[in-house]
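J.: Take this structure, written in structure tokens, and hold onto it; I'll ask about it next.
The values are calculated or read from the model by the stated rules, or taken from the named source; none is laboratory data. Everything numeric in this text was worked out from a predicted model, so none of it was measured. Positions of Cβ are backbone-derived with ideal geometry, glycine not excepted, and every protein chain shown enters the neighbour counts.
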Amino acid sequence: MKFRPLHPLFVAEVGDIDLREPLTTTEVEALEDAMATYAVLVFHDQALTADQHAAFTRNFGPIDAGLTLASGAKRRLKNPDVIDLANIDPDGNIYDPGHIRNVSLIANQMWHSDSSFKSPPAKYSVLCGIDLPAEGGETEFADQRAAYDALGQATQAELAGKVAEHWAFHSRDFLGGGGYPQSGMEKLPPVKWPVVHTIPESGRQSLFIGVHTREIDGMPTAEARMYLSDLLEHATQREFVYRHHWRNHDMLMWDNRCTLHRGRRYDLNAKREIRRCTTEVEV
């Protein structure tokens, strides 16, 4: 297994490994060590089935269900551990651009950390690209460790001890609603996390913000949201960002605790088949 850095701050390409095969203990440990350093790993030419995708992800912790807890929609994929992010229905047809399904897919174009709205939150996400459009749909990542390091000392001191509220449907409300039933939304009440936390494996401090974050304890809502907006603007400056240009059968793995990510715009009339598995932080 070889690692080649793709960005001055984070992200590495991983070579000489076939992820269709079960990982050895040594390989799992090497990937864990690489995640502590790079936070985002890129694998090419990994034509995994959904079951192989889930099996690979389970090496790194228990599986997170994410927003599927709130959805009553019919599933296209049989494996319950794999989250379908394709714009195609169970019959293989591309959803109409105005379909409610596309609200969630478009919400993924805002800077976020997967399942920051849950307790426990997400640890690693593993995204497999199956059939990607020729134009658009890139995925961007922002290193929140580097973003924290670049803050002034006064801002770092101000953030110490601050706690923010994360809510799954904050982004969906911004986009006009996501069609989730009330019974489903009640399964994902708001949760609170420190705005700055320490990543155990590296000892580095990181911002923990994003589009799911809507309040800061002890601040009026308007002030908190502008403060969070300013932080997000700082944390996603180009110097902290890597953009991945997809090709079919790429696989990306990232640490949600210290990165933000977003998809980029693409033609909703073009097929985009992509799926994700995510692990929970073990408590």
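J.: Within region 1-27, how many residues turn out to be assigned to a helix (DSSP H, G or I) and surrounded by 13 or more Cβ atoms within 10 Å (Cβ to Cβ)?
T.: Summing the residues that are assigned to a helix (DSSP H, G or I) and surrounded by 13 or more Cβ atoms within 10 Å (Cβ to Cβ) in region 1-27 gives 1.
J.: Do any residues in region 28-40 that are on the phi < 0 side of the Ramachandran plot and assigned to a helix (DSSP H, G or I) have Cβ atoms under 6 Å from those of residues that are of a type in the set (Val, Ile, Thr) and at pLDDT 95 or above, where the two are at least six apart or on different chains, and which pairs are they?
T.: Every condition considered, the pairs that remain are 38/11.
J.: Now a separate question. Quick one: what pairs do we get from region 249-273, first residue farther than 18 Å from residue 232 by Cβ and of a type in the set (S, T, N, Q), second assigned to a strand (DSSP E or B) and modelled with pLDDT of 95 or more, C-beta under 8 Å, 6+ apart or different chains?
T.: 269/94
J.: Of the conditions (1) hydrophobic (A, V, I, L, M, F, W, C); (2) part of a helix (DSSP H, G or I); (3) in contact with a strand residue (DSSP E or B) (Cβ under 9 Å, 6 or more places away or on another chain), residue 211 satisfies every one except a single condition; which number is it?
T.: (2)
J.: Let me ask you something else. In region 245-283, what residues are polar (S, T, N, Q), more than 19 Å from residue 195 (Cα to Cα) and crowded, with 21+ Cβ neighbours inside 10 Å?
T.: Listed by number, the residues that qualify are 278, 279.
J.: Here's another thing I want to ask about it. Between 243, 214, which is among the basic types (Lys, Arg), in contact with a helix residue (DSSP H, G or I) (Cβ under 9 Å, 6 or more places away or on another chain) and in contact (Cβ under 8 Å) with a residue 24 or more places away in the chain?
T.: 214
J.: So which of 188, 228 is in a helix (DSSP H, G or I) and touching a residue at least 40 places away in the same chain (Cβ under 8 Å)?
T.: The match here is 228.
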